[in-house]
Amino acid sequence: MTDPIKNRRFHMLVMPHLNSAFNLACWLTRSRHDAEDLVQEASLRAFRFFDGFHGDDARAWLLTIVRNTFYTWYQENHAQQQNTLFDEEFHSLDTTDAVDMHYRDNNPEKLLLRKDSERQLQQGLAALPLEFREVMVMRELEDLSYKQIAGIVGIPIGTVMSRLGRGRKLLAKILAPANQGE
């Protein structure tokens, strides 16, 4: 493949999925800065090996590279990773979200309760063990199919379903103490 054709195909097929790649990287690394570095590295790897891409699902292919890049990074920085805290500023929802546009007419109490519930959910997801968090993010936030997740993670579809089920149960347990006061 010639360079101009490769560049054009890469920009057309892969670049539209950088937001998904960044979202996954943020949830895996729990750090906006590390996620930026990770997506940059994954993008470079994707471009370098783009000649080998012959599929029709560039999003799943890129997310696989992001995930693999994360695990390489994680092994190299494992001690540092254990000390990384949840980034409240990054994981809080922006008030200019389209979702907030819908709720602008609501009263302040309802808006505050909704924001608090979203914050608790974000923190609950962040507290999940990595193997559950990654499949939950891919399914619930990135809306990938079980088959796509299985391909990205390299596990059978049944294992994806099992991890999702167990992840949802763990998330419910994590959120249960917060919900008992309501």
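Would you call Ile152 under 20 Å from Asp56 (Cα atoms), in a helix (DSSP H, G or I), touching a residue at least 40 places away in the same chain (Cβ under 8 Å) and not assigned by TED's automatic domain parsing to the domain that holds Asn68? For Ile152, the condition - under 20 Å from Asp56 (Cα atoms), in a helix (DSSP H, G or I), touching a residue at least 40 places away in the same chain (Cβ under 8 Å) and not assigned by TED's automatic domain parsing to the domain that holds Asn68 - is met. Number of residues in the stretch 123-165 that are surrounded by 15 or more Cβ atoms within 10 Å (Cβ to Cβ), touching a helix residue (DSSP H, G or I) at 6+ places or on another chain (Cβ under 7 Å), of a type outside the set (Phe, Trp, Tyr) and within 22 Å of Thr64 (Cα to Cα): the value is 22.
Only one entry in Ala35, Ala60 is in contact with a Cys (Cβ under 6 Å, 6 or more places away or on another chain) and touching a residue at least 12 places away in the same chain (Cβ under 8 Å), namely Ala35. Here His91 clears all of (1) at pLDDT below 95; (2) farther than 22 Å from Met136 by Cα except the condition numbered (2). Is there a residue being at pLDDT 95 or above, open to solvent by less than 90 Å² (accessible area, probe 1.4 Å), within 22 Å of Glu142 (Cβ to Cβ) and of a type in the set (Val, Ile, Thr) anywhere in the stretch 25-46? Yes.
For Arg166, the criteria (1) in contact with a Cys (Cβ under 7 Å, 6 or more places away or on another chain); (2) at pLDDT 95 or above hold in every case but one, which is (1).
The values are calculated or read from the model by the stated rules, or taken from the named source; none is laboratory data. Predicted model, so just to flag it, every value in this text is computed and none were measured. Neighbour counts run over all protein chains shown; Cβ positions are idealised from the backbone, glycine included. Quick note on the areas: whole protein, heavy atoms, side chains included, nothing else; ligands and nucleic acids left out. Shrake-Rupley method; radii C 1.70, N 1.55, O 1.52, S 1.80 Å.
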